[in-house]
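> Below: one structure in C-alpha cells.
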Amino acid sequence: MINVFQPSLGEEELAAVAEVFDSDWLGHGPRTKDFEAAFARHIGVPADNVVFISSATDGLFLATELLGCGPQDDVVLPSISFVGAANAVAATGARPVFCDVDRHTLNPSAENVERSLTPRTRAVLPLHYGGHPGAIDEIARLCRERGITLIEDAACAVTSAVDGQACGTFGDLAVWSFDAMKILVTGDGGMLYARDPDHARRVRALAYHGLDQFSGRSRSSRVPHRWWELSVRDFGHRMIGNDLTAAIGGVQLRRLPEFQRRRRAVVEAYDDLLAGIPGVRLPPRPPAGHTTSGYFYWVQLPPAIRDRVAADLLDRGIYTTFRYPPLHKVPAYRSAAELPGSDRAAESTLLLPVHQSLADADVRTVAAEFREAVERAATAAHI
C-alpha cells in the first residue's frame, strides 16, 4: 500500500530514545525544555512562550479554557477543519460558528471570517489547510481591528510562513501537531505558543494539574524548600509532553530541512505528471511570499467520479482520502449555514499520497494510476 501519510524515522531517532532510556528519566524534564527552546527558535519566538504538550487537540482545549470561553461566546472557525477544533470550542459551552472557505484553496478569506462574526464572537480559529498559510495576515489584521482573539490551528503548518514570518505567530495563541501522520512526528504530541508571557505561564500550569511550580527533573540542583508541597491555583489537566517524545522531536526538527526538500520534489513531480488531465484541477500554487509545508497534495475532480476514482486507486494499492469533512454537516454540529465553497470542496477534493518517504517510482505509479482511474471513471459516468 502506498500511504497518504507516513513518518520518516531512523537510527538518529533510535539513538536519541536510547539516551533517554540511559538517563532513567522518561518524563517531563531537560529534553522537553531543549525541544521547546529549539522549536521556539524555529518559529522565531521566546522559548518561555512555547509549551510542549500531549497533542495539538489538547492545545486547542487549553486555549479555549485559557480564554474563559463559555455559553455567552461564539468562536468562528472554517467548516473545513478538524473536528478537534470544534470539540475544543463546544466543550466550554461556547458556540462554534462555521465560516465558508474558498472551494480551491480550502482556506477561509478574511471576508469569509468577517461575514461570520457576531456580537458574541470571542475568538477566531482558522486552519492552515494542508500547510498553506491562506489569508492569515489579513485575518490577523481583522481580529486586531475588532479586538478578537486569534487562535491559529497550525497543525499542518510546521514550516509554513508568510514573508518569512512563521504561521502560528500571527495570532495570540497557536498549536502545531506532531502526531504519527504529520511531517515532524513524536508519536503523539504538539506545541502551543502564547504571545502573552502571562498566558504562556498559565498554560504551562493548566497543562500540568494547575501546579504553578515545575516538579519534573531539572538540570539545576536548586530546589525550593519543601519541594513536595503543592501550589495549585487552577483546576488543571495532565497534557504535558515528555523527554521520550521530545528526544524524537528534537531529531525530527533537525531533519525538517531535508524533509521539506523531498516533499517539494514530490509536489513538483506531481505537478508535471498530472498536468492536463481533463476535468482535474491541481492544488493552488502559493502566492508570492508564502511558504507551504506541503502537508496535503489535493486534486479536485467532478463529484460524479471522485469516489469511484478513490475506490479504484484503493484496489490498486494506493490509499487516498479527504480531509476534512465539513463540520456544518457533522451530526454533532449540524447547522443550516449556507457554505457553498465548503460543500463544493468536500464533494470534489481528494488527497493523494505525499510524504518525504515516497520514492520516485511510487510518485510515478500514483500519477499513472490516478490518470488511468480518472479516464475509466469518466468513461463509466459518460463525462
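Coordinate-derived values only; no laboratory data. Quick caveat: nothing in here was measured; it's all calculated off a predicted structure. All Cβ positions, glycine included, derive from the backbone under ideal geometry; neighbour counts span all protein chains shown.
> Under the √(5λ) rule applied to the eigenvalues of the Cα gyration tensor, what semi-axes describe the equivalent ellipsoid of the chain? Give them in Å, descending.
37, 27, 17
> Hey, another quick one. If I take all pairs of Cα atoms in the range 24-94, what percentage of them are more than 19 Å from each other? Let's see the in-between values first.
Values: 1227 of 2485 pairs.
The calculated P(r) of the range 24-94 puts 49 percent of pairs beyond 19 Å.
> Order the peptides 261-272, 200-211, 40-51 from the highest to the lowest mean number of other Cβ atoms within 10 Å of their residues.
200-211, 40-51, 261-272
> Can I ask one more? Any idea what angle helix 56-66 forms with the longest principal axis of the chain, computed on alpha-carbon atoms, 0 to 90 degrees, nearest 10?
60 degrees
> In degrees between 0 and 90, to the nearest 10, how far off the longest principal axis of the chain does helix 243-273 point, with axes built from Cα atoms?
20 degrees
> Another question, if that's okay. In the neighborhood of residue 40, defined by Cβ-to-Cβ distances under 12 Å, what is the net charge if each Lys or Arg adds +1 and each Asp or Glu adds -1?
Spelling it out: positives minus negatives among the neighbours equals -1.
> Moving on to the next point. Counting pairwise Cα distances across the range 79-213, what percent come out greater than 26 angstrom?
Details: 1881 of 9045 pairs.
Tail of the P(r) past 26 Å holds 21 percent of the pairs.
> Here's another thing I want to ask about it. Taking H placed 1.01 Å from N in the peptide plane, check which residues at least 5 places from residue 53 or on another chain put their amide H under 5 Å from its amide H.
So residue 53 has HN proximity to 190, 191, 192, 241.
> Say a paramagnetic label sat at a point 7 Å from the Cα of residue 332, along Cα to Cβ; which residues of the range 78-94 have their backbone N under 14 Å from it?
Residues passing the 14 Å test: 81-94.
> Same structure again: Helix-derived [θ] at 222 nm for the chain: sum -39500 (n - 2.57) over DSSP H runs of at least 4, divide by residue count, nearest 500?
Mean residue ellipticity at 222 nm (helix-derived): -12500 deg cm²/dmol.
> How would you rank 138-146, 125-133, highest first, on the average number of other Cβ atoms within 10 Å across their residues?
Peptide ranking by packing, descending: 125-133, 138-146.
> To continue, here is another question. Relative contact order of the chain: what whole-number percent is it, with Cα pairs under 8 angstrom and at least 6 residues apart? Can you show the working numbers first?
Working: 767 pairs, mean separation 89.0, N = 383.
Relative contact order comes out at 23 percent.
> For residue 376 and residue 226, calculate 0.36 nm times their separation in residues minus their Cα-Cα distance, and state this gained length in nm to one decimal.
Taking residue 376 through residue 226 to full extension adds about 46.7 nm, to one decimal.
> With unit charges on the beta carbons (Lys and Arg positive, Asp and Glu negative) and the dipole taken about the Cα centre of the range 294-383, which residue among 326, 296, 336 sits farthest to the positive side?
336
> Oh, and also: Relative contact order of the range 256-380: what whole-number percent is it, with Cα pairs under 8 angstrom and at least 6 residues apart?
Worked out over the range 256-380, it gives 36 percent.
> Sticking with this structure for a sec: All other residues with a Cβ under 9 Å from the Cβ of residue 92 taken together, and with Lys, Arg as +1 and Asp, Glu as -1, what is their net charge?
Values: positive: none; negative: 65, 73.
Charge balance in the 9 Å sphere: -2.
> Got the relative contact order for the range 9-131 handy, in percent, Cα pairs under 8 Å and 6 or more residues apart?
It rounds to 20 percent for the range 9-131.
> Another question about this same structure. With only Lys, Arg, Asp and Glu charged, each at its Cβ (+1 for the first two, -1 for the last two), find how big the charge dipole of the range 48-104 is about the Cα centre; round to the nearest 20 debye.
My answer is approximately 160 debye.
> What is the helix-to-structure angle for 11-23, meaning the angle in degrees between its Cα long axis and the longest Cα principal axis of the chain, kept from 0 to 90 and rounded to the nearest 10?
20 degrees
> Net charge near residue 312, counting Lys/Arg +1 and Asp/Glu -1 over other residues with Cβ under 14 Å of its Cβ?
0
> Further, regarding this structure: What ranking do 182-195, 330-343 get when scored by the average of other Cβ atoms within 10 Å per residue, highest first? Provide the component values of the computation, followed by the final result.
Values: 182-195: 23.8, 330-343: 14.7.
Per-residue Cβ counts within 10 Å, averaged per peptide and sorted highest first, yield 182-195, 330-343.
> How would 365, 159 line up from fewest to most surrounding beta-carbon atoms within 10 angstrom? Please list the in-between numbers first.
On the way: 365 17, 159 21.
Neighbour counts put them in this order, fewest first: 365, 159.
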